Every structure is written in structure tokens, then in C-alpha cells.
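What follows is one structure encoded as C-alpha cells, with my remarks underneath.
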């Protein structure tokens, strides 16, 4: 990550005169030497089989296996076969159908279905927009929807696979912009034209440390230290009279359908449909608030002073950090 941040900083900033730090344009890994070599393309032609049937996929995989090299001991190398999600499922089904084969070739081993980079990136981008791209935040400065309007990305839509290139370009733009803005703050600069006051590698480390998601190490340690076979009492144990159910106005665990209040400050958070007089068919597609008070006091992205702790929680910073991560 530090290498990627370095690349962005060198693209937009002037380095200090005494900065002799270097930044690799290529992120080194164990196969760097092999990947410098030119790939050999092999034209396999057209395989006249139906790719939407299990029998067709089996025959197609049989053809692909001819290109899988073998080790000296006869074992097959594993060759990734990049496909979209639907074709991956079909190859997996074909492998299951041939699982009882006597040889590795009969079991279709050696050809391993993996998601195409395009589809994998599309899924990740869609998860990002689902979580952080909201039309209700259009007037909140610094949100993705706000930046879409301010910087005139009119072609951007929430459905990623329908406008993949627009979403990809927009997220690159936002990432570069947030890295530069954080660099300005850390170096106490006012403009991109001013030279950096920190070495690029040091600044990249500081930026990564700023946005790195911290794991709850104390909770993880508690789990690791727990004795196997000595289950701890659950805080949701019905036999514990001291426990009070933290959700809904009834404060009872009914096990029925619930709905979440969209106000970040709501004390109840989740409510039973019957307690709110809401039917399953009447659940709204957009925001829902448990009361008029929650609706009028809703704070979506700004500074919140009443989220259950004494310290003010800066939701703007948390949102920006999540976007950059």
C-alpha cells in the first residue's frame, strides 16, 4: 500500500530537494522476474460445445486439459481458468459430476476456475458504492455523491457493471484526491505547487498508518485465550435476569422480523415490525425512522455528539478514512 501511495504522491507533488527516497513503479513479488517476460499467446480455436450445459462444460474442460503441463512425477500443475461467476459455477458442477473418475484427468483436475479480474473488481466497487454512495448525502461536503456532482461526473451510476469504466475512473480520482488532501494536512501545505516537507516514503507510511483499519486486538486476544470446552455465559442468555435486551421499545427477544432505524443516534436501533405497527409488505425501500424525533434529529455524515459515549465522534473523518481505505 505504501508503494501505491508513493506513486500517487510523485504524480502530483514536487519532492523536497534533499529527498533521495525511491519509489518502485512495480510492486515486487515472488514472480516479478517471470512476469517481466513476454507472454506466449496460444490460439485454441473454437470449441464446438454448448457452454451452458454440464456435458458441454465437461467436454470443453477436457480440451483445456490438453494444455495443462505435467510435473516429472506425473502430477498436474494447477492452471487458473478465468471466468465470470456463472461459468465458474458450471465448471464446479462439471468437476462434481466427474468426481468419481479414476485418474486426475477424468476428475478434471489441473483446471481451476477463478474469477476474472474485471468481475472481481466490479463486485468490490459495487460493495463500495452500496455502502458509501447515497443520494441523501448529496449536500454533505466530501461524500462520494457530493463529489460526483461537484466535479461533474454526470455519467456515474450506482449500478457498477452498467458503467464500469465511469465508476473505476471516479474511484481513482477520489482516491488520488484524498491522498493529496491528507498529504497537504500532514505537511502543513496549502497547495500542490509547494514541495513536500517530508520524504515521500515517510509521508506514504504516515498516510497508510492514518487510514489503516485497526483490528480489535483485545477482543481477538480474549477469543484466543478462551479455554476450549469452557463456554462463557452468553450476554443474551434468557436465564440471566440481569440482562436487558438492548433493542426495540419492548426490550424483548421475540425472534420476529425487525427493522433498523436510519438515525445513527437512535437508542433502540432495531425494532420489531409488530411493535412499530409496520407490516412486511409496508417496509420502505429508502430510509426509515422509528419516530418523528429520530427523523428530525438525523445526522448522516456530520459530527455526532450523542452516540452513546462522552467523546464526540467525527463521522466525516471516519467516512473519509473508509473511502480512502
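Miscellaneous remarks
- Number of the exception - residue 98 against (1) modelled with pLDDT of 90 or more; (2) in contact with a strand residue (DSSP E or B) (Cβ under 7 Å, 6 or more places away or on another chain): (2)
- If you go through segment 151-160 and keep only what is at pLDDT 90 or above and under 23 Å from the mean Cα position of the chain (by Cα), you end up with 153, 156, 157, 158, 159, 160.
- Residue in segment 291-305 that is assigned to a loop (DSSP other than H, G, I, E, B), at pLDDT 75 or above and either closer than 26 Å to residue 135 by Cβ or not assigned by TED's automatic domain parsing to the domain that holds residue 134 (or both) present: yes
- Taking the listed residues 252, 257, the one that is touching a helix residue (DSSP H, G or I) at 6+ places or on another chain (Cβ under 7 Å), farther than 30 Å from residue 6 by Cα and either surrounded by 10 or more Cβ atoms within 10 Å (Cβ to Cβ) or at pLDDT 70 or above (or both) is 257, with no other qualifying.
- Matching option when the condition is in a loop (DSSP other than H, G, I, E, B), within 28 Å of residue 318 (Cβ to Cβ) and in contact with a helix residue (DSSP H, G or I) (Cβ under 8 Å, 6 or more places away or on another chain), among 148, 158: 158
- Count of residues meeting criterion [under 30 Å from the mean Cα position of the chain (by Cα) and exposed (fewer than 13 other Cβ atoms within 10 Å of the Cβ)] in segment 97-111: 0
- So residue 125, is it within 18 Å of the chain's Cα centre (by Cα) and in a helix (DSSP H, G or I): yes
- Check on residue 56, assigned to a loop (DSSP other than H, G, I, E, B) and either at pLDDT 90 or above or not assigned by TED's automatic domain parsing to the domain that holds residue 169 (or both): no
- Scanning segment 124-150 for residues that are more than 18 Å from residue 286 (Cβ to Cβ), surrounded by 13 or more Cβ atoms within 10 Å (Cβ to Cβ) and modelled with pLDDT of 90 or more turns up 125, 126, 128, 146, 147, 148, 149.
- Selection of segment 63-108 for residues being in a loop (DSSP other than H, G, I, E, B), farther than 20 Å from residue 52 by Cα and touching a helix residue (DSSP H, G or I) at 6+ places or on another chain (Cβ under 8 Å) yields only 105.
The values are calculated or read from the model by the stated rules, or taken from the named source; none is laboratory data. Everything quoted here is computed from the prediction, not taken from an experiment. Methodologically, a virtual Cβ is constructed for each residue, glycine included, from the backbone with ideal geometry; neighbour enumeration extends over all protein chains shown.
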